Amino acid sequence: MITRELTLLLVTNGFEGTCPVLDYGLWLAKTLKYPVKLLGVMEPADAHHPVRALVETTEHKMDAECIQYQTEVREGHAEEVINAYAKGGEYLVVLGPLGRPPLRRFVMGRSFRQIMAEVAAPIFYIPKARFPVKKILVCLGGLGYALNAAHMALRFAPAMQASLTFLHVIEPITLDYPLAKDVGTHWQNLLDTNTPQGQLLRRVLEESQPLGLPTAVKTRHGNIVPEILDEVKEGNYDLICMGSTYSAHSLRHLYLPNVTAEVAEASHCPVLTVRYSDEGKS
């Protein structure tokens, strides 16, 4: 279980699309009672973006809400500045789309993917702000990469007074081995099986019971990303919690699909991604 104290690293590069992200970050800070490090990034190619004006406006809002904060404005490319800064403390990074032009996204890839690959800290990605958070969807993978994400959801849910739904998507069987067949055959009652997936679902349910919040388990069958997005739409969730392929050891993340990035880029609600580590076993 993640118990360390965190600071919200709230990021803006002056792009107008970060305004809802800043408001979401302030709501998070008030709800979770976390201090804020407000990071403004002045990018060389975007001098017209009002970084300092947005920073000052956000400071006034935090003063009005009595939120504990510090501010820093740095020059450079946001992806590089965020990565360098996040290494210097125990942060929960809060950011959204950075307003990159389509050609840059095509040539260099989306900023979120680059940041997720480089930043080991938990990341709150806000494509569209939805708060207050009343319904949380926790996506659990069979390999346990989402265990720390589940623990963080359990940590946040009481403060948000939000319900928790634990989702496991069973992919179509492509390999002929007993465990895959067992999971595929019993996907509708996976919770009752002795498979690793069933054990993981029972574990997070047991850990959620002391919270006294509404909790549910759902299983779906099909391709992972479309099934998660369908569940988000049908369930009208306010927050998605997921693990990261960069939790994988050695080079495995190079050939695992980046499900978290695909969901985050297609979703219309915030996504919290947390890397797995050994502390998720405790």
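The values are calculated or read from the model by the stated rules, or taken from the named source; none is laboratory data. What you see is a predicted model, and the numbers here were worked out from it, not measured in a lab. A quick note on method: Cβ atoms are made from the backbone with ideal geometry, for glycine too, and the neighbour counts reach across all protein chains shown.
The table for this structure:
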item	result
Helices (runs of 4 or more DSSP H) fully within region 100-200 counting 3 or more residues that are touching a Cys at 6+ places or on another chain (Cβ under 9 Å), modelled with pLDDT of 85 or more and hydrophobic (A, V, I, L, M, F, W, C)	147-160
Long-range neighbours under 9 Å by Cβ, at least six apart or interchain, first residue touching a residue at least 60 places away in the same chain (Cβ under 8 Å) within region 191-215, second among the polar types (S, T, N, Q) and not in a helix (DSSP H, G or I)	LEU201/THR219; VAL204/THR215
Selected residue (criterion: modelled with the lowest pLDDT) from residues of region 201-229 that are outside any helix (DSSP H, G or I) and of a type in the set (Ser, Thr, Tyr)	THR219
Residue in region 65-88 that is of a type in the set (Val, Ile, Thr) and part of a strand (DSSP E or B) present	yes
Within region 8-23, considering residues that are farther than 20 Å from GLU90 by Cβ and in contact (Cβ under 8 Å) with a residue 60 or more places away in the chain, the one surrounded by the fewest Cβ atoms within 10 Å (Cβ to Cβ)	GLU16
Residue within region 31-40 that is part of a helix (DSSP H, G or I) and either under 18 Å from ARG155 (Cβ atoms) or in contact with a His (Cβ under 6 Å, 6 or more places away or on another chain) (or both) present	yes
The one condition in (1) modelled with pLDDT under 75; (2) surrounded by fewer than 21 Cβ atoms within 10 Å (Cβ to Cβ); (3) not in a helix (DSSP H, G or I); (4) not polar (S, T, N, Q) that TYR276 fails to fulfil	(2)
